[in-house]
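Asker: My questions will all concern the structure given below.
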Amino acid sequence: MDATTKVRDPETGVRVGPGGTSGRRNPVRNVALVGHGHSGKTTLAEALLFAAGVIARPGRVEDGTTVCDYDAEEQRRAISTGVAVAPFDLGGVHVNLLDVPGDADFVGDVTAALRAADLAIFVVSAVEGVEVGTEQAWRLAAARGMPRAIFVNKLDRERADFDRTLAQLQGRFGAGVAPLELPVGLEASFRGVIDLLSDVAVTYNGDGTTAGVEGPIPDDLEVREHAVHDALVEGIVVADDELTERYLADEPISTDELEHALAHGLASGTVFPVLCGSAAKLVGIDRLARFITEDGPAPDAEDGAPIALVFKTIADPYVGRVNVFKVLQGRVRVDDALVNNRTLGDERLHQLFRLRGREQEPVREVGPGDIGAVAKLHDTTTGDVLGARGAQFDVEPLELPSPNLATAIRPKSKQDDDKLATALHKLLSEDPTLVVERDPETHQTLLRGMGETHLSIALEKLQRRMGVEVSTEAVLVAYRETVTREARAEGRYKKQTGGHGQFGVAEVTIEPLGRGVGFEFVDRIVGGAVPRQFIPAVEKGVVEALEHGGPFGFPVVDVRVTLVDGKSHAVDSSEMSFRMAGSLAVRAALGDAEPTVLEPVSNLVVVAPETCQGDLLGDINAKRGRIQSTAALGDGEVEIAASIPTVEILRYAVDLRALTGGRGHFVAAHSHHDAVPPHLADKLRAPA
Ligand SMILES: Nc1nc2c(ncn2[C@@H]2O[C@H](COP(=O)(O)OP(=O)(O)OP(=O)(O)O)[C@@H](O)[C@H]2O)c(=O)[nH]1
Ligand SMILES: [Mg+2]
């Protein structure tokens with residue numbers, strides 16, 4: 001490691017010159033590797049672990065041999081599906097890398113990882129450039145005002161283009177994007193980077209080591225280097241008024257002063273340094289590691305009563321539930337008894353360890369700002385805060401996205417049914433963006449997640465890890481029915497075949513009520529046509545028949561049933577006979593009252609780029625939705641509010657992703673029931 005020494009600003013602890021890591025600043029760095037799927041985050045984590053000497057040889061995602069993609073599903077699909085911790089030590093600094101999944105379905109893990117990290121490094125492929133996953137993660141990090149840096153990766157790949165990627169980055173993320181390096185060579189000839197601050201070239205001979213060799217800037221890159229160097233200096237000085245004045249007065253500004261301003265801009269989330277390289281070819285990795293340890297912001301966690309935030313939970317097949325936490329204050333030690341701020345219950349921390357992928361290294365203590373893990377807590381999960389009894393827990397809650405795509409699951413066998421509840425509990429304890437609910441009307445068990453990949457991986461885990469087989473079904477919506485005109489009918493229940501018979505006659509009218517009014521029973525009996533004591537039985541029979549379903553088979557709502565007449569028998573009439581009579585009467589009346597089907601309608605609010613507005617409006621219309629409002633939100637975004645049949649948006653998460661290229665998001669909530677158009681109602685009959 002080239003240790004060109006630098007000293008630090010005694011006030012802020014940011015490096016200002018020779019002296020390296022002085023220990024004045026918390027020697028921990030928590031770094032989340034975020035960005036679009038496939039941009040190379042896991043490969044980069046592997047390269048950094050190799051550069052730090054933690055692993056003897058970098059593994060490959062395609063071979064399933066990386067430290068961070070340790071889950072069978074991750075290896076089978078060659079994608080990351082959950083945040084993984086990969087620590088390394090370098091130059092007296094302890095770095096916790098958080099390898100974050102890029103697939104949009106795992107946005108919950110992105111949110112949690114950005115909460116635990118103090119620096120977000122955006123991995124961007126020089127081939128694909130800035131993608132929707134980059135933008136989504138940037139939006140989340142920017143909302144927290146987080147320090148952000150960028151690593152332009154895959155410069156060895158065919159069609160890699162650093163300039164295009166840099167222009168896209170500056171176009172999307174603004175003037176704060178400050179390139180610190182330029183590539184030397186491109187595609188197959190990519191072999192190093194130019195350090196734009198110290199004006200040297202660092203080349204790598206691809207021998208599998210990560211050590212770069214400093215040298216002069218190749219002639220053919222000098223002009224370009226000067227141009228970008230000037231742009232970089234401009235980008236940095238704008239973050240510092242005094243420097244801006246001196247720059248405009250053409251006064252010399254030293255490299256260390258520039259690095260000082262850069263580190264300040266980085267820490268304040270206004271300057272976004274860009275480094276570049278190739279994680280697969282191990283180019284630029286040593287420099288990225290040094291950037292993290294020397295310029296990366298440290299956690300601002302002080303000593304004091306211990307407080308820790310749980311940002312990840314893992315259902316480990318051997319040790320059971322493992323909670324991964326960041327220490328926000330103080331030190332967490334083995335055998336500590338801490339309070340869980342959600343349950344207010346005590347938790348004793350018997351086993352503490354550091355995670356590196358799936359590996360668990362026991363430790364006695366986890367210090368301020370550091371990341372650790374604990375097993376077998378009683379009832380702690382992601383988002384919970386653990387702290388010393390009496391400690392002030394004013395910790396901002398971890399807001400995780402709510403799931404927006406559901407599938408109905410049904411256990412394949414009795415054994416599966418017996419195991420299902422426990423297995424689902426385990427699955428959900430590991431992933432708070434999964435929700436299970438039982439629909440009281442359709443009686444389906446619904447598993448809700450963030451998208452198709454998320455749901456299919458959850459079902460695979462259920463089967464592979466927990467040995468529970470389920471089949472999936474289409475989600476049903478809770479249809480209802482009502483009547484559109486008044487009708488009158490008689491129900492006659494008569495069983496008189498000797499001995500104690502049954503006899504009851506009820507005559508009712510049924511008429512429509514307003515949407516959402518519910519059910520009304522009116523007693524208009526005169527002259528004891530139906531004895532008083534049997535009238536509640538008639539109502540009971542009526543209610544049962546309505547709940548059982550009308551001609552379409554759905555529960556009948558928003559009707560008034562009036563008992564207008566009846567007949568009884570002194571001996572054979574009973575509650576039972578009048579209950580049956582009531583039920584028969586209302587069913588007959590329903591048939592004549594031109595019933596219609598009511599479907600659930602949701603309020604939908606979509607936020608997406610303005611460029612997608614036309615398609616979205618067209619799609620909502622095609623889904624029988626009614627646009628209620630559209631509003632420009634600024635930043636090129638539009639908000640569309642609509643009222644739309646719920647059945648049309650059961651898979652809206654998938655449709656919206658297709659319509660907006662993953663740049664849209666939505667919330668939907670049940671609003672009311674409304675009549676289904678007749679041409680559709682005829683096709684609807686409740687499943688037998
Ligand atoms: N040529 C080349 N390939 C790379 C480089 N970095 C990663 N790859 C390849 O790109 C593919 C995706 O790499 P990953 O590390 O899995 O990407 P990721 O960002 O972790 O992907 P997700 O976990 O799905 O978000 C793999 O086939 C890697 O081998 C690189 O610098 N150069
Ligand atoms: Mg990955």
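The values are calculated or read from the model by the stated rules, or taken from the named source; none is laboratory data. A quick note: this is a predicted structure, and the numbers were derived from the prediction, not measured. Note that we place each Cβ from the backbone using ideal geometry, even for glycine, and neighbour counts take in every protein chain shown. Surface accessibility is based on the protein's heavy atoms, side chains included, excluding ligands, DNA and RNA. Shrake-Rupley method; radii C 1.70, N 1.55, O 1.52, S 1.80 Å.
Asker: Could you please let me know if residue 123 is within 14 Å of ligand 1 (Cβ to nearest atom), of a type in the set (A, V, I, L, M), assigned to a strand (DSSP E or B) and in contact with a Lys or Arg (Cβ under 8 Å, 6 or more places away or on another chain)? If you could, list the steps in order and put the result at the bottom.
Answerer: Working: within 14 Å of ligand 1 (Cβ to nearest atom): yes; of a type in the set (A, V, I, L, M): yes; assigned to a strand (DSSP E or B): yes; in contact with a Lys or Arg (Cβ under 8 Å, 6 or more places away or on another chain): yes.
For residue 123, the condition - within 14 Å of ligand 1 (Cβ to nearest atom), of a type in the set (A, V, I, L, M), assigned to a strand (DSSP E or B) and in contact with a Lys or Arg (Cβ under 8 Å, 6 or more places away or on another chain) - is met.
Asker: While we're looking at this one, here's another question. Given region 226-314, what helices (runs of 4 or more DSSP H) lie entirely inside it while holding 1 or more residues that are of a type in the set (Phe, Trp, Tyr) and surrounded by fewer than 21 Cβ atoms within 10 Å (Cβ to Cβ)? Step through it out loud before you land on a result.
Answerer: Working: elements: 241-248, 255-267, 285-290.
Of the helices (runs of 4 or more DSSP H) lying wholly inside region 226-314, those with at least 1 residues that are of a type in the set (Phe, Trp, Tyr) and surrounded by fewer than 21 Cβ atoms within 10 Å (Cβ to Cβ) span 241-248.
Asker: What is the number of the single condition among (1) under 12 Å from residue 37 (Cα atoms); (2) within 12 Å of ligand 2 (Cβ to nearest atom) that residue 124 does not meet?
Answerer: Among (1) under 12 Å from residue 37 (Cα atoms); (2) within 12 Å of ligand 2 (Cβ to nearest atom), residue 124 violates only (2).
Asker: Sticking with this structure for a sec: So residue 58 ticks every box in (1) closer than 17 Å to residue 430 by Cβ; (2) within 12 Å of ligand 1 (Cβ to nearest atom); (3) in contact (Cβ under 8 Å) with a residue 60 or more places away in the chain but one. Which box is left unticked?
Answerer: (1)
Asker: Is there any pair with a first residue in region 494-515 that is of a type in the set (S, T, N, Q) and a second that is crowded, with 22+ Cβ neighbours inside 10 Å whose Cβ atoms are under 7 Å apart and which are 6 or more apart or on different chains, and what are they?
Answerer: Close Cβ pairs satisfying both conditions: 502/493; 502/577; 509/589.
Asker: May I ask you to say which residue of 110, 130 is within 11 Å of ligand 1 (Cβ to nearest atom) and assigned by TED's automatic domain parsing to the domain that holds residue 288? Quick ask: steps written out before the conclusion?
Answerer: Values: 130 fails: within 11 Å of ligand 1 (Cβ to nearest atom).
Residue meeting the stated conditions: 110.
Asker: Regarding region 606-626, can at least one residue be identified that is in contact (Cβ under 8 Å) with a residue 60 or more places away in the chain and either out of contact with any strand residue (DSSP E or B) (no Cβ under 6 Å at 6 or more places or on another chain) or within 27 Å of residue 677 (Cα to Cα) (or both)? Spell out the reasoning first.
Answerer: Taking region 606-626 first, the residues in contact (Cβ under 8 Å) with a residue 60 or more places away in the chain are 606.
Now narrow it down to the ones that are either out of contact with any strand residue (DSSP E or B) (no Cβ under 6 Å at 6 or more places or on another chain) or within 27 Å of residue 677 (Cα to Cα) (or both): 606.
Among the residues of region 606-626, at least one is in contact (Cβ under 8 Å) with a residue 60 or more places away in the chain and either out of contact with any strand residue (DSSP E or B) (no Cβ under 6 Å at 6 or more places or on another chain) or within 27 Å of residue 677 (Cα to Cα) (or both), which makes the answer yes.
Asker: Quick check on my filter: what residues within region 468-492 are open to solvent by less than 30 Å² (accessible area, probe 1.4 Å) and more than 19 Å from residue 552 (Cα to Cα)?
Answerer: Within region 468-492, 468, 470, 491 meet the criteria.
Asker: Restricting to region 72-92, give me the number of residues that are within 21 Å of residue 464 (Cα to Cα) and away from ligand 1 (no atom under 11 Å from the Cβ). It would help to see each step written out before you state the result.
Answerer: Pass one, region 72-92, residues within 21 Å of residue 464 (Cα to Cα): 72-84.
Narrowing the set further to residues that are away from ligand 1 (no atom under 11 Å from the Cβ) leaves 72-73, 76.
Residues in region 72-92 being within 21 Å of residue 464 (Cα to Cα) and away from ligand 1 (no atom under 11 Å from the Cβ): 3 in total.
Asker: With respect to residue 332, is the statement that it is within 26 Å of residue 46 (Cα to Cα), out of contact with any Lys or Arg (no Cβ under 9 Å at 6 or more places or on another chain) and open to solvent by less than 10 Å² (accessible area, probe 1.4 Å) true?
Answerer: Details: within 26 Å of residue 46 (Cα to Cα): no; out of contact with any Lys or Arg (no Cβ under 9 Å at 6 or more places or on another chain): yes; open to solvent by less than 10 Å² (accessible area, probe 1.4 Å): yes.
Against the criterion (within 26 Å of residue 46 (Cα to Cα), out of contact with any Lys or Arg (no Cβ under 9 Å at 6 or more places or on another chain) and open to solvent by less than 10 Å² (accessible area, probe 1.4 Å)), residue 332 does not qualify.
Asker: To continue, here is another question. If I ask for residues that are near ligand 2 (Cβ under 10 Å from one of its atoms) and part of a loop (DSSP other than H, G, I, E, B), which ones from region 84-117 would you list?
Answerer: 100, 101, 102, 103
Asker: So which of 461, 495 is crowded, with 18+ Cβ neighbours inside 10 Å, over 30 Å from residue 334 (Cα atoms) and touching a helix residue (DSSP H, G or I) at 6+ places or on another chain (Cβ under 9 Å)?
Answerer: Working: 495 fails: crowded, with 18+ Cβ neighbours inside 10 Å.
After applying the criteria, what remains is 461.
Asker: If you don't mind, another one. Among the residues of region 120-166 satisfying the criterion of being surrounded by fewer than 19 Cβ atoms within 10 Å (Cβ to Cβ) and basic (Lys, Arg), which is nearest to residue 280 (Cα to Cα)?
Answerer: Among those residues, the one meeting the criterion is 159.
Conditions (1) surrounded by fewer than 24 Cβ atoms within 10 Å (Cβ to Cβ); (2) more than 9 Å from ligand 2 (Cβ to nearest atom), marked per residue:
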{"position": "26", "(1), (2)": "yes, yes"}
{"position": "29", "(1), (2)": "no, yes"}
{"position": "32", "(1), (2)": "no, yes"}
{"position": "35", "(1), (2)": "no, yes"}
{"position": "40", "(1), (2)": "no, no"}
{"position": "48", "(1), (2)": "no, yes"}
{"position": "57", "(1), (2)": "yes, yes"}
{"position": "63", "(1), (2)": "yes, yes"}
{"position": "67", "(1), (2)": "yes, yes"}
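Asker: Residues of region 262-294 being in contact with a strand residue (DSSP E or B) (Cβ under 7 Å, 6 or more places away or on another chain), of a type outside the set (Val, Ile, Thr) and away from ligand 1 (no atom under 16 Å from the Cβ), which ones? First the steps, then the outcome.
Answerer: Going residue by residue through region 262-294, those that are in contact with a strand residue (DSSP E or B) (Cβ under 7 Å, 6 or more places away or on another chain) are 262-263, 266, 269, 271-279, 283-284, 287-289, 291-294.
When the remaining residues are screened for being of a type outside the set (Val, Ile, Thr), the result is 262-263, 266, 269, 272-273, 275-279, 284, 287-289, 291, 294.
If the condition is that a residue be in contact with a strand residue (DSSP E or B) (Cβ under 7 Å, 6 or more places away or on another chain), of a type outside the set (Val, Ile, Thr) and away from ligand 1 (no atom under 16 Å from the Cβ), then 262, 263, 266, 269, 272, 273, 291, 294 are the ones that fit.
Asker: Looking at region 195-220, which of its residues are in contact with a Lys or Arg (Cβ under 9 Å, 6 or more places away or on another chain) and not in a loop (DSSP other than H, G, I, E, B)?
Answerer: Residues satisfying the conditions are 195, 202, 203.
Asker: State the number of residues belonging to region 597-630 that are surrounded by 21 or more Cβ atoms within 10 Å (Cβ to Cβ) and among the polar types (S, T, N, Q).
Answerer: Residues flagged as surrounded by 21 or more Cβ atoms within 10 Å (Cβ to Cβ) and among the polar types (S, T, N, Q) within region 597-630 amount to 1.
Asker: Could you say which residue among 548, 500 is outside the structural domain of residue 441 (by TED's automatic domain parsing) and under 23 Å from residue 674 (Cβ atoms)?
Answerer: Values: 500 fails: under 23 Å from residue 674 (Cβ atoms).
Within the list 548, 500, the selection yields 548.
Asker: Counting only residues that are under 26 Å from the mean Cα position of the chain (by Cα), give me the strands (runs of 3 or more DSSP E) lying completely in region 411-511 with at least 3 of them. Step through it out loud before you land on a result.
Answerer: Values: elements: 435-438, 445-449, 470-473, 480-483, 487-495.
Output list reads 435-438, 445-449, 470-473.
Asker: Could you please tell me which pairs satisfy a Cβ distance under 6 Å, a separation of 6+ or placement on different chains, a first residue in region 254-266 that is modelled with pLDDT of 85 or more, and a second residue that is assigned to a helix (DSSP H, G or I) and open to solvent by less than 50 Å² (accessible area, probe 1.4 Å)?
Answerer: 258/236; 261/236; 261/243; 262/236; 263/295
Conditions tested, residue by residue: (1) outside any helix (DSSP H, G or I); (2) farther than 30 Å from residue 455 by Cα.
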{"site": "596", "(1), (2)": "yes, yes"}
{"site": "603", "(1), (2)": "yes, no"}
{"site": "608", "(1), (2)": "yes, no"}
{"site": "629", "(1), (2)": "yes, yes"}
{"site": "655", "(1), (2)": "no, no"}
{"site": "669", "(1), (2)": "yes, no"}
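Asker: So which of 234, 294 is closer than 30 Å to residue 88 by Cα and either modelled with pLDDT under 90 or not hydrophobic (A, V, I, L, M, F, W, C) (or both)? Break it down into steps so the answer makes sense when it comes.
Answerer: On the way: 234 fails: closer than 30 Å to residue 88 by Cα.
Answer to the check: 294.
Asker: Return the pair list, or none, for Cβ contacts closer than 7 Å from residues in region 91-109 that are within 22 Å of residue 654 (Cα to Cα) and of a type in the set (D, E, K, R) to residues that are open to solvent by 20 Å² or more (accessible area, probe 1.4 Å) and within 12 Å of ligand 2 (Cβ to nearest atom), at least 6 apart or on different chains.
Answerer: 103/37; 103/79
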